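Shown next, in structure tokens, is the structure this report addresses.
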Amino acid sequence: MTMTKADIIELVAKRSSIPKKQAELIVNTVFSSIMSALETGDKVELRGFGSFKMKERKSHQARNPKTGDKVFVEAKKIPHFKPGSELKGLING
Amino acid sequence: MVKADIVDEVQNKTGFPRQKVQESVDLVFECVKEALQKNEKVEFRGFGIFRVKERKKGVGRNLKTGETVPIKSGKTIKFKPSSRFFV
């Protein structure tokens, strides 16, 4: 089963008894603010959940899996999520 | 950036009462946690996907002493960032 943003919005609206439109605005702002913090190089730490951080990835030689051609992949930054111990405990519990 | 900063940003943008914003932001992560606990995948279009991944048991080594130590199998969370991060 997959949960989508719409499901989370519905749950937030119901449980904090606010209109769905407000919950939608809140949820969207939460994730856009995380994204913009990461893009400026900031680390985002959410107690009890985990932390997000951009990680450098070096340039490397890869292959196009379809054609087998060698391709060069430029160095880039990718967002990385590290689950917090509370979350890890929860899913392993 | 910590949760309080996110709450600030949401409050500035929406103008909703602080207490409500705080409660809702907490709920967002609470709901994600609950879904993951039920082994469900959580997908936020434009941000990324969180899912639970099984990890096999393995063999590790104490680097100081050279002894082998077993690594238990377990679960972890995998986050796959949206391609929006790369534009």
**OP:** Only one of these is surrounded by 11 or more Cβ atoms within 10 Å (Cβ to Cβ), more than 18 Å from the chain's Cα centre (by Cα) and facing chain A (nearest Cβ under 9 Å): B:GLU23, B:GLU40, B:GLU34, B:GLU30. Name it.
**Re:** B:GLU23
Subject >> Those residues of the range A:72-93 which are within 9 Å of chain B (Cβ to nearest Cβ) and assigned to a loop (DSSP other than H, G, I, E, B), in sequence order >> reply: A:GLY93
**OP:** Just one of (1) facing another protein chain (nearest Cβ under 10 Å); (2) free of Cβ contacts under 8 Å to residues at least 24 places away in the same chain trips up A:ASP69, so point out which.
**Re:** (1)
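Based on what the data block shows, is B:ASN62 more than 7 Å from chain A (Cβ to nearest Cβ), open to solvent by 40 Å² or more (accessible area, probe 1.4 Å), at positive phi and not β-branched (Val, Ile, Thr)? Please lay out each step first, then the result.
Working: more than 7 Å from chain A (Cβ to nearest Cβ): yes; open to solvent by 40 Å² or more (accessible area, probe 1.4 Å): yes; at positive phi: no; not β-branched (Val, Ile, Thr): yes.
No.
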**OP:** Could you please let me know if A:LEU11 is surrounded by 13 or more Cβ atoms within 10 Å (Cβ to Cβ) and touching a residue at least 24 places away in the same chain (Cβ under 8 Å)?
**Re:** no
**OP:** Looking only at the range A:14-47, count how many residues are at the interface with chain B (Cβ under 7 Å from one of its Cβ atoms), of a type outside the set (Lys, Arg), open to solvent by 10 Å² or more (accessible area, probe 1.4 Å) and not in a helix (DSSP H, G or I).
**Re:** 3
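The values are calculated or read from the model by the stated rules, or taken from the named source; none is laboratory data. Remember, predicted model here, so these are calculated numbers, not experimental data. Cβ atoms come from the backbone with ideal geometry, glycine included; neighbour counts cover every protein chain shown. These area figures cover heavy atoms from the full protein model, side chains too; ligands, DNA and RNA do not enter into them. Shrake-Rupley method; radii C 1.70, N 1.55, O 1.52, S 1.80 Å.
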